[in-house]
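Encoded as structure tokens, the structure appears first; notes follow it.
The values are calculated or read from the model by the stated rules, or taken from the named source; none is laboratory data. Source: prediction; values computed, not measured. Heads up, the Cβs are rebuilt from the backbone with ideal geometry, glycines too, and the neighbour counts pull from every protein chain shown.
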Amino acid sequence: MKDLYRLLPEEMEQLVIDMGYPRYRADQILLPLYYKFPKNLSEIKQLPKKMREELIESGYVIGSAKKIHQIVSEDGDTTKLLLQLTDTSVETVLMQYNPSKIGGHPRSTICVSTQIGCAMGCVFCATGQMGFETNLMAEDIISQVIHFAEILQKRGEHVTNLVFMGMGEPMANYDEMIRAVKILTHDRGFGLGQRHITISTIGIPSGIDKLSEENLQIGLAISLHAPNNELRKKLVPTAGPHSVEDIIDAGKRYFQKTGRRVTFEYALMAGINDSPEIAKELSLLLQGNGSHVNLIPINPTAGDFQRPSPESVSEFERILSNAGVNCTVRMEKGTEISAACGQLRTDVDNLAK
Ligand code: SAH
Ligand code: SF4
């Protein structure tokens, strides 16, 4: 089976030309794929019947992932989907920010997964605790977006932002991740603005450098969680060869190359990395490099890490801000349906909770 969602627009053109059809037939496939969300080739009526049959005979299919479960949070702002892939399943999340509650523009952000499980083993992350299962293909990543795009379209809304903050480490599945990004941002593909995409990484300098060479304006978030190597290795056991300094340098290079400001994510864990001393150490490390820190009071997972008190979170934030380090506390979304950061797992039981 070959999924048409896997193909870059240029590749789609090559495919139709190789089949002996004129170039414009490629757009007659691409347009419906990204705006009408057909479930199979027979729904693309613009194509000659013979061409559809030839595509089917050659093994082409559309969006092989099927929706098997959907759950919505009480406030209706967070939706989690479970999608069936060929031999595994994946969770994906839509977070909506309702302007009547927070002001500003309405946002519909999709949080996608790039792997099932993750080999990085972060001790506070449910995905890390399940270990690595498999890499997702580009079409599996795209499929997560398409399912939500279809749901939103029915309500007269659309996808505004995309974050790679679901299961897995995007840099550990670089080629498939970047293929998906290119198709999703291509003006003949899904057409999402590059600036509306953020890749979150645990901090793999070679991957960050590679991304900076792609000539894309996508945002980068680096999950730092600790200001020194000793503490960081306890939280991110596989951090091994990459020191905090190496990671911060890679962030600086990304900024120099792309002009996009880097965000450092910092999951706050009571009694582990939330003391005022650690806040001071972190502010010294990041002072003057123009980056932004996103503090995430830890979301509950199976591990026994506790969220710090609101007072400790405010104190941590205050120390960073006073030192001139730009900083925000991330708004929580979807914890009660286990859809928040670090809570995604693939078992259906967990979904039903
Ligand atoms: N592997 C990538 C992207 C997926 S994780 C990365 O680590 O950046 C997305 C974000 O969720 C990361 O910043 C990660 O540190 C954070 N996270 C993981 N577990 C969490 C938890 N239990 N509570 C809050 N944030 C968590
Ligand atoms: Fe993997 Fe990110 Fe979870 Fe760490 S936090 S285990 S890198 S998904």
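Taking (1) assigned by TED's automatic domain parsing to the domain that holds Thr201; (2) under 16 Å from Asp3 (Cβ atoms); (3) surrounded by fewer than 16 Cβ atoms within 10 Å (Cβ to Cβ) in turn, Asn40 satisfies each apart from (1).
Taking Met130, is it within 16 Å of ligand 1 (Cβ to nearest atom), surrounded by 17 or more Cβ atoms within 10 Å (Cβ to Cβ) and in the same structural domain as Arg307 (by TED's automatic domain parsing)? Full working, then the answer.
Numbers: within 16 Å of ligand 1 (Cβ to nearest atom): yes; surrounded by 17 or more Cβ atoms within 10 Å (Cβ to Cβ): yes; in the same structural domain as Arg307 (by TED's automatic domain parsing): yes.
Considered against the rule, which asks whether it is within 16 Å of ligand 1 (Cβ to nearest atom), surrounded by 17 or more Cβ atoms within 10 Å (Cβ to Cβ) and in the same structural domain as Arg307 (by TED's automatic domain parsing), Met130 comes out as yes.
What do you reckon, is Lys36 among the basic types (Lys, Arg) and in contact with a helix residue (DSSP H, G or I) (Cβ under 7 Å, 6 or more places away or on another chain)? Answer is no for this residue. Any idea which residue in the stretch 133-174 is nearest to the chain's Cα centre (by Cα), counting only those that are within 14 Å of ligand 1 (Cβ to nearest atom) and part of a loop (DSSP other than H, G, I, E, B)? Checking each candidate, the answer is Met165. In the set Ala279, Ala270, Ala239, only one residue is more than 16 Å from ligand 2 (Cβ to nearest atom) and under 20 Å from Cys125 (Cα atoms); that residue is Ala270. In this structure, Glu157 does not satisfy being buried (at least 21 other Cβ atoms within 10 Å of the Cβ), farther than 27 Å from Asn294 by Cα and of a type outside the set (Gly, Ala, Ser). For the stretch 133-149, the candidate set comprises residues that are free of Cβ contacts under 8 Å to residues at least 60 places away in the same chain and surrounded by 22 or more Cβ atoms within 10 Å (Cβ to Cβ); within that set, the residue that is nearest to ligand 2 (Cβ to nearest atom) is Leu136.
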